[in-house]
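Student: I'd like to ask some things about the structure below.
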Ligand SMILES: [Zn+2]
């Protein structure tokens, strides 16, 4: 491995693991409840409320390889 910047072969390679957490709040709305109410009256509201407060969490790990030049500090 040779640094593209200075041409030195004093390059260390390391794997960096990043964890990305995505938190999405489930879109509950009173709109849904209202629609439920219009369509099914009271049971519709209950249906709408059931979806309230649920969060969906997805975690993604991203690993990438980083080469660090010991000579000039270039990361590539
Ligand atoms: Zn370099």
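The values are calculated or read from the model by the stated rules, or taken from the named source; none is laboratory data. Everything quoted here is computed from the prediction, not taken from an experiment. Note that each Cβ is placed from the backbone with ideal geometry, even for glycine, and that neighbours are counted across all protein chains shown.
Student: Tally up the residues in the stretch 22-51 that are modelled with pLDDT under 75 and in contact with a strand residue (DSSP E or B) (Cβ under 9 Å, 6 or more places away or on another chain), please.
Tutor: 4
Student: Hey, another quick one. Test of understanding: among 19, 12, which residue is at pLDDT 70 or above, touching a strand residue (DSSP E or B) at 6+ places or on another chain (Cβ under 8 Å) and within 16 Å of the ligand (Cβ to nearest atom)?
Tutor: Working: 19 fails: within 16 Å of the ligand (Cβ to nearest atom).
Matching residue, one of 19, 12: 12.
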